């Protein structure tokens with residue numbers, strides 16, 4: 001990816017116009033997440049069903065939940081998740097840890113024009129997104145999307161994680 005054409009933006013990913021995500025930070029410890037998540041993710045599945053979002057999962061590295069789904073459902077799902085966490089805290093008499101400062105996500109876009117032919121993108125992305133998932137997890141960003149219409153990559157995450165993700169993606173090119 002060429003550094004000179006990367007920019008920060010808050011626009012949604014072009015390929016997912018009706019779907020997006022939001023982050024719900026938590027000050028609960030990782031050990032306490034079992035009460036929030038439930039066995040095999042039962043509580044999160046119930047929250048998805050009741051609020052109409054597609055998926056909710058916990059990001060241990062960033063100590064926050066990611067909520068993915070229809071834009072119109074994200075606010076209700078975030079509120080329901082916060083309500084659920086409050087009930088868990090009260091029920092199990094949990095003590096939240098000190099407040100943590102969270103960085104808001106930004107989007108960095110990088111054009112792939114001249115770097116890789118669109119028909120070879122499957123090798124960069126990896127089988128079932130394996131390469132993108134690895135970069136996402138190891139760099140600490142929230143998401144990486146490939147926009148096939150514009151032939152560019154969008155990286156969403158905390159500004160402090162962007163350079164690591166960018167370097168790892170360049171190594172894959």
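The values are calculated or read from the model by the stated rules, or taken from the named source; none is laboratory data. Nothing here was measured: the structure is a model prediction, and the numbers come from that model. Note: ideal-geometry Cβ built from the backbone for every residue, glycine included; neighbour counts use all protein chains shown.
Among the residues examined, residue 166 does not qualify as farther than 24 Å from residue 58 by Cα and touching a residue at least 24 places away in the same chain (Cβ under 8 Å). Here residue 68 fulfils each of the conditions (1) assigned to a strand (DSSP E or B); (2) in contact with a helix residue (DSSP H, G or I) (Cβ under 7 Å, 6 or more places away or on another chain); (3) under 30 Å from residue 173 (Cα atoms) apart from (2). Within region 90-128, being loosely packed, with under 13 Cβ neighbours inside 10 Å, on the phi > 0 side of the Ramachandran plot and under 23 Å from the mean Cα position of the chain (by Cα) holds for one residue alone: 128.
Exactly one residue among 47, 81 is buried (at least 18 other Cβ atoms within 10 Å of the Cβ), under 17 Å from the mean Cα position of the chain (by Cα) and either touching a residue at least 12 places away in the same chain (Cβ under 8 Å) or in a helix (DSSP H, G or I) (or both), and that residue is 81.
Restricting attention to region 129-165 and to residues that are in a strand (DSSP E or B) and more than 16 Å from the chain's Cα centre (by Cα), the residue that is farthest from residue 21 (Cα to Cα) turns out to be 152. Looking for something more than 19 Å from residue 63 (Cβ to Cβ) and either in a strand (DSSP E or B) or at pLDDT below 95 (or both) - is there at least one such residue anywhere in region 96-106? Taking every residue of region 96-106 in turn, none turns out to be more than 19 Å from residue 63 (Cβ to Cβ) and either in a strand (DSSP E or B) or at pLDDT below 95 (or both). Checking each residue in region 109-143 for being under 12 Å from residue 165 (Cβ atoms), at pLDDT below 95 and touching a strand residue (DSSP E or B) at 6+ places or on another chain (Cβ under 7 Å) picks out 110, 136, 140, 141, 142, 143. Give me a count of the residues in region 135-154 that are within 19 Å of residue 60 (Cα to Cα) and either crowded, with 16+ Cβ neighbours inside 10 Å or without any contact (Cβ under 8 Å) to a residue 24 or more places away in the chain (or both). Selection size over region 135-154: 8.
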